[in-house]
Amino acid sequence: MLGDANLRHLQIREAFERTARWLAVTTALLLSLSVHAEAADFEGIPLPDRLDAVDRSFYLTSCGMREVLWYDLYLVSLYTEDRSNDLYRYRSTATPKAVRLEILYDGNVPDQIPSEWRSHLREEISREMFMVLQDLFQEIETNDVVVIAYEPQEGNALYVNGERQAFKPNGDLIHALLDLWLGQEPVSKNLRRLLLSESC
């Protein structure tokens with residue numbers, strides 16, 4: 001029979017081995033989740049493969065950069081539940097979707113809604129939401145991330161750096177922005193091409 005000291009030593013060793021195995025499994029799982037969370041990049045800029053918002057999970061479908069005179073302004077990423085990159089579904093009010101906007105411009109970020117958006121948004125969204133955006137752009141800085149998520153039964157939710165800032169029970173904001181980028185007269189034909197290319 002084992003003495004008390006030897007028995008105690010054996011118990012400690014078994015507990016240590018169980019802990020080591022648990023740590024190995026947990027570490028492997030966390031590493032796999034990390035790879036899944038940032039499975040893509042655009043010109044070296046990492047992008048999350050999944051966004052969780054409005055009680056849904058959205059998956060990266062496509063992305064593109066808005067550039068003006070060799071300046072990188074912002075990176076747009078489109079997300080859907082099934083990775084479907086279909087223009088009709090983007091514009092449909094029946095389709096859940098999300099847009100991620102990362103500010104890249106490293107100069108003086110304008111403290112108002114971009115001029116190329118302004119007239120279109122005034123016509124397409126409520127005055128209340130327009131003022132929310134105006135306030136947002138007064139605070140926006142380089143590397144900030146804005147997410148607009150849409151759920152047909154709930155509406156738009158707007159997040160800045162992961163914190164929800166506004167909610168509107170309709171889809172006017174996200175569809176107005178998508179029309180700016182994917183409509184018949186987009187702010188950039190190259191950006192439109194990238195967003196509809198089914199790649200990132």
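Please treat every number below as a calculation from the coordinates, not as lab data. Note that this is a predicted model, so its numbers are computed, not measured. Heads up, the Cβs are rebuilt from the backbone with ideal geometry, glycines too, and the neighbour counts pull from every protein chain shown.
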Around Val160, with a cut-off of 13 angstrom between Cβ atoms, what is the net charge of the other residues, counting Lys and Arg +1 and Asp and Glu -1? -4
Which net charge results for the neighbourhood of His120, defined as the other residues with beta-carbon distances under 12 angstrom from its beta-carbon, given Lys and Arg at +1 and Asp and Glu at -1? -4
Using the Cα centre of region 76-121 as origin and beta-carbon charges of +1 (Lys, Arg) and -1 (Asp, Glu), tell me which of Ser119, Leu104, Thr80 is placed farthest towards the positive end of the dipole. Thr80
Around Trp70, under 14 Å between beta carbons, what's the net of Lys plus Arg minus Asp minus Glu among the other residues? -3
Cβ-placed point charges (K, R +1; D, E -1), dipole of region 65-194 about Cα centre in debye, nearest 20: 460
Ranked from highest to lowest mean number of other Cβ atoms within 10 Å per residue, what is the order of the peptides 167-177, 40-50? 167-177, 40-50
